[in-house]
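Visitor: Structure in structure tokens, see below.
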Amino acid sequence: MKVTVLSVSRQAKFRLKSVVAMGLLFSLTTPAGIGVGIAISSVYDESSPTALVVQGLLEAAAAGILVYMALVDILAEDFSKPRVQSRARLQLALNVSLLLGAGLMSLLAVWA
């Protein structure tokens, strides 16, 4: 299934001006982040308590966004299908698989 920017903007009912503005902002955030990284690289101390707190907060926010996307946007659709809702064994298998996968990813995080 091929999805273009214009078809997505039609579905979301954004105006062309909004789509262009969002596209520009999206495409400028990476160069801006690189610029900020280059600017602070000479004064940045990665072992300072402030840097560790900021890094921890940013990583926690990123992890929270990923968990939200996985649970709400991706898995909710699979778990709410009529085929899954009507079969208790399939629901159990899906839930066990979800918990097992989350547990294995947490175990993997020990070495990351």
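Read-outs throughout are calculated quantities, based only on the coordinates presented, and are distinct from any laboratory measurement. Here the structure is a predicted model, which is why all the values come from computation and not from measurement. A quick note on method: Cβ atoms are made from the backbone with ideal geometry, for glycine too, and the neighbour counts reach across all protein chains shown.
Visitor: Find which of Leu58, Leu98, Ile40 sits farthest along the positive direction of the dipole of the chain, computed with +1 on the beta-carbon of Lys and Arg, -1 on that of Asp and Glu, about the Cα centre.
Guide: So the residue we want is Leu98.
Visitor: Given the rule -39500 (n - 2.57) for each run of at least 4 DSSP H residues, summed and divided by the residues of the chain, what is its mean residue ellipticity at 222 nm, to the nearest 500 deg cm²/dmol? Before the final figure, lay out each step's value.
Guide: Details: 6 runs with 83 residues, N = 112.
Mean residue ellipticity at 222 nm (helix-derived): -24000 deg cm²/dmol.
Visitor: In nm, to one decimal, how far is the modelled label at Ser97 from the one at Glu59, with both set 7 Å along Cα→Cβ?
Guide: 3.0
Visitor: Expressed in nm to one decimal, what extension gain is obtained for the pair Thr30 and Tyr44 from 0.36 nm per residue of sequence separation less their Cα-Cα distance? Write out the running numbers ahead of the final one.
Guide: Values: separation 14, 0.36 × 14 = 5.04 nm, distance 1.93 nm.
Length gained, Thr30 through Tyr44: 3.1 nm.
Visitor: In addition: Classify the chain as rounded, prolate or oblate from the Cα gyration tensor: take a ≥ b ≥ c as the square roots of its eigenvalues, call it rounded if a/c is under 1.5, otherwise prolate when a/b beats b/c and oblate if not.
Guide: Numbers: a/c = 3.87, a/b = 1.23, b/c = 3.14.
Taking the square roots of the gyration eigenvalues as a ≥ b ≥ c, the chain is oblate.
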